[in-house]
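As structure tokens, the structure follows; a few thoughts come after it.
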Amino acid sequence: MTDKSSGWQGFYAVVVQIPAGRVATYGQIARLAGFPQHARQVGYALAALPESRTDVPWQRVINSKGEVSPRARSGMHHFQQSLLEAEGVSFVNERVDLKTYLWEGTESGADG
DNA sequence: AATTTGACCATAA
DNA sequence: GTTATGGCCAAAT
């Protein structure tokens, strides 16, 4: 492809797969994308998400601790939390129950 | 070009 | 639970 797009991998392609009311961890995104070691890059990629990428549910992406990252020095993380709550994701002590809302992945093959 | 910074994850003490 | 370290890459300065 003669595309001069950024070097970011297909992270977005994975994030967009996250269903509403569910959350995924950076490591998982990188994992499904095929880059289990580039967990960081995932977050950075989402940080660079332009307003045009509204199709990318970056809000559903959180850290492995189930907490929303404070990415900015402001209370922006609160904004993300609000977005998730709007989708049905509950927050407990500024945290999310990964064992309840953690996205299992593409669920390929599993019957339930 | 080199340095610094950044939305992370896993291990160890 | 916290603190410290190693891994990996891209954007900004």
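Numerical summary
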| item | result |
| --- | --- |
| Exposure rule at most 16 other beta-carbon atoms within 10 Å, DSSP loop trypsin sites (Lys or Arg not before Pro): chain A longest free segment | A:5-64 |
| Relative contact order, percent, chain A [alpha-carbon distance under 8 Å, six or more residues apart] | 30 percent |
| Theoretical ellipticity at 222 nm over chain A - DSSP helices of four or more residues, -39500 (n - 2.57) apiece, nearest 500 | -9000 deg cm²/dmol |
| Distance in nm between pseudo-label sites at A:GLU104 and A:SER82 (7 Å out along the Cβ direction from Cα) | 3.3 nm |
| Projected label distance in nm at A:SER90 and A:ALA48, using a 7 Å step from Cα toward the beta-carbon | 3.8 nm |
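A short reminder: the numbers here are calculations on the coordinates, not readings from a lab. The structure displayed is predicted, hence computed values, not measured ones. As a convention, Cβ positions derive from the backbone with ideal geometry for all residues, glycine included, and neighbour counts pool all protein chains shown.
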